[in-house]
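Bear in mind these aren't lab numbers, they're just calculated from the coordinates by the rules spelled out. Small disclaimer: the values here were computed from a predicted structure and weren't measured. Reconstructed Cβ throughout: ideal geometry from the backbone, glycine too, with neighbour counts over all protein chains shown.
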Amino acid sequence: MTDPQIVLTERVQQALANAFGSEYADADPLIRPSQFADFQANVAMSLAKRLRRAPREVAEAIKTELSDFPGTVEVSGPGFLNITLADSWIESEAQRMLDDPRLGVGSITPSQTVVIDYSAPNAAKEMHVGHLRTTIVGDSLARLHSHLGNTVIRQNHLGDWGTPFGMLIEHLLEIGEETAVAQLEAGMGTEFYQAARAKFDGDDDFKLRARTRVTTLQSGDPATMRLWHVFMDATVRYFNKLYALLGVTLTDADLAGESMYNPMLGKTCDDLESSGVAVLSEGALCLFPPGFTGSDDKPLPLIIRKSDGGYGYATTDMAAIRYRVHDLKAERILYVVGSDQALHFRMVFAAAKLAGWLPESVSAEHVQIGMMLGKDGRRFKTRSGESVKLMDLLHEAVDRAEAAITERGLDYDEATRKEIAHAVGMGAVKYADLSVSHDSEYVLDFDRMISFTGNTGPYMQYATARIRSIFRKAGVEPADASGPIVLAAPAERALGLQVLGFGETIAQVTAESEPHRLCAFLFQTASLFSTFYDECPVAKEGVDAETRKQRLALCALVLDVLETGLDLLGVPVPERM
Ligand code: ARG
């Protein structure tokens, strides 16, 4: 383990055990970055009472035990331990990282099977901006878990079933399959839905046919199933266009929509009823997980079969959680879904525990996604009040990126410019989604996300492109920059110390499902690189060959950290910008 904070924690705990006895080996040494040294440990103050000794005395005792520590330890004030790592230690750890293809990123042992439920747009409507965020955050989590050696099972829980499909299929028949398919492939799902809805509301004959169609669909009638497939296949082709544009890792093999669970719903209800977990209440089959009450203080039901016999969203999620634990052998399940569904998931998890379908050994987590807001602070919509088409939004990002590139006077041929614009546009959108904590609301602001300064996608991409250009000028391949790493100048040392935290950051971000903390780490790294580059010339005239070699090695390490980190976020990295 290379992360200085972790190394220090272990060393100080060892010192505590040596000085005061093994019962202190687990005490938190309270190590924080410090402005007076690299780190400060505040444990002496917190332990003084328990040890009935003066804090300074405790600190001195710890210091004595740290005499062989690679660095300096000083006691200051009431009993702070100021710890400065030896340059040679940072250098050798950085060198080890440079020589390690995994950059000090470990693997989770034993590895886990992680089911990640993300994206999950509804087929009866256009995929909207809310699904953009669940897609992007979920995809980053999938990349992170795979990188750490976990078995990742992506589950795209499409909204592809239910009563609206009666009228959608009838509308499809009326306008003709060909026209319908063309519309759906072009992303006109919302218009399609609205047209069907208008007929349903205004035409009694149509309404009757739509209702009958729901019944034939549910009975699995082959002709109706074929029409449903025509509708769904065209819709999925459109979703796939979006996924391709975004560069997310979802494929058709990950499709596991609501329809997939349809054959399981009857048994799901029967099993819950016969085991006594579900009970009839006013004709509906309900679960009453403990701890949930409504505004009237009455127990809140999770309805799994309505009084008319129909199944709903909760039924499907009960079937899905059983399938994921039992069939997919999930050890961890992440539901990357809007925060407005928090109550639903808390109830589903509690109900699944009650039913014995979610054992203690499996963790089910709702990774809440905050709502996307417009600049006015309200739900993101177009001027005319409609929700914004995702495809339009993505194209706008690419157009704006192209304008920004042109404005910067970058002189590329047409094809290269388009390629860079695509990477910058998608990078901007994705990074903006990822860099704020996933559960906070998020303001979609094109000007800010396309900006080349601050914690943005384009800034991060530019940082890597700049390092690549240093290598081009030096005529060296990053992979050939083998060092040795020497951290003589303060800016070099600060940068070296920073990158050592990469492995631990990845581990924590994955454990906590918090990609925004990876963004913060990469941004801090890029900022320190910027300072380094200002203060320490690399390949300029007058830099001696040895210094140049050492600095190129540090550049290569930083480049690898940034590119690996951005890849784990799913942010594309153009070679030049
Ligand atoms: N299709 C749903 C929606 O758009 C999200 C589904 C999330 N996953 C789940 N297992 N319920 O709101």
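Some observations on this one:
- Cβ-defined net charge surrounding Val7, 13 Å radius [Lys, Arg +1; Asp, Glu -1]: -3
- Protection-proxy order for peptides 506-519, 224-237, 67-80, each taking the mean of Cβ atoms within 10 Å per residue, highest first: 506-519, 224-237, 67-80
- The long axis of helix 490-499 is offset from the longest Cα principal axis of the chain by roughly 40 degrees.
- Ordering of 293-302, 14-23, 173-182 by packing [mean C-beta count within 10 Å, highest first]: 14-23, 173-182, 293-302
- Dipole magnitude of segment 272-362 about its Cα centre (Cβ charges: Lys, Arg +1; Asp, Glu -1), debye to nearest 20: 260
- Relative to the longest principal axis of the Cα atoms of the chain, helix 515-535 runs at roughly 40 degrees.
- Only the Cβ atoms of Lys and Arg (+1) and of Asp and Glu (-1) were treated as charged; on that basis the dipole of segment 116-178 about its Cα centre amounts to roughly 540 debye.
- Cross-link partners for Lys199 among the lysines, with Cα-Cα distance under 17 Å and sequence neighbours closer than 8 places in the same chain left out: Lys125, Lys207.
- Using the average count of surrounding beta-carbon atoms within 10 Å as a protection proxy, the listed peptides 95-107, 454-466, 133-145 rank, highest first, as 133-145, 454-466, 95-107.
- For Leu246, neighbours were defined as the other residues whose beta-carbon sits under 11 Å from its Cβ, and their charges (Lys and Arg +1, Asp and Glu -1) total 0.
- Extreme residue, positive dipole direction of the chain, given options Ser307, Phe452, Ala17 (C-beta unit charges): Ala17
- With a simple spin-label model that places each label point 7 Å from the Cα along the Cα-to-Cβ direction, the separation between Asp296 and Asp480 comes to 7.9 nm.
- Of all lysines in the structure, those lying under 22 Å Cα to Cα from Lys267, and not within fewer than 8 positions of it along the same chain, are Lys306, Lys329, Lys353.
- Estimated from helical segments only, the mean residue ellipticity of the chain at 222 nm is -17500 deg cm²/dmol, where each DSSP H run of four or more residues counts as -39500 (n - 2.57).
- Estimated at 0.36 nm per residue, the fully extended path between Asp413 and Phe452 surpasses their Cα-Cα distance by 11.9 nm.
- Relative to one another, the C-alpha centroids of segment 411-467 and segment 470-533 are positioned 19 Å apart.
- About its Cα centre, the dipole of segment 41-103 is roughly 620 debye, where the only charges are +1 on Lys and Arg Cβ and -1 on Asp and Glu Cβ.
- Within the same chain, lysines fewer than 8 places from Lys375 are excluded, and of the rest, those with a Cα less than 18 Å from its Cα are Lys389, Lys430.
- Alpha carbon centroid spacing (whole Å) that separates segment 57-82 from segment 89-132: 37
- Label zone at Arg378, where the point sits 7 Å out along the Cα-to-Cβ direction: segment 424-459 residues whose backbone N lies under 19 Å: 441-446
- Distance between modelled label sites at Asp399 and Arg197, nm, 7 Å Cα→Cβ extension: 2.6
- Taking Cα atoms only, the orientation of helix 129-147 departs from the longest principal axis of the chain by about 50 degrees.
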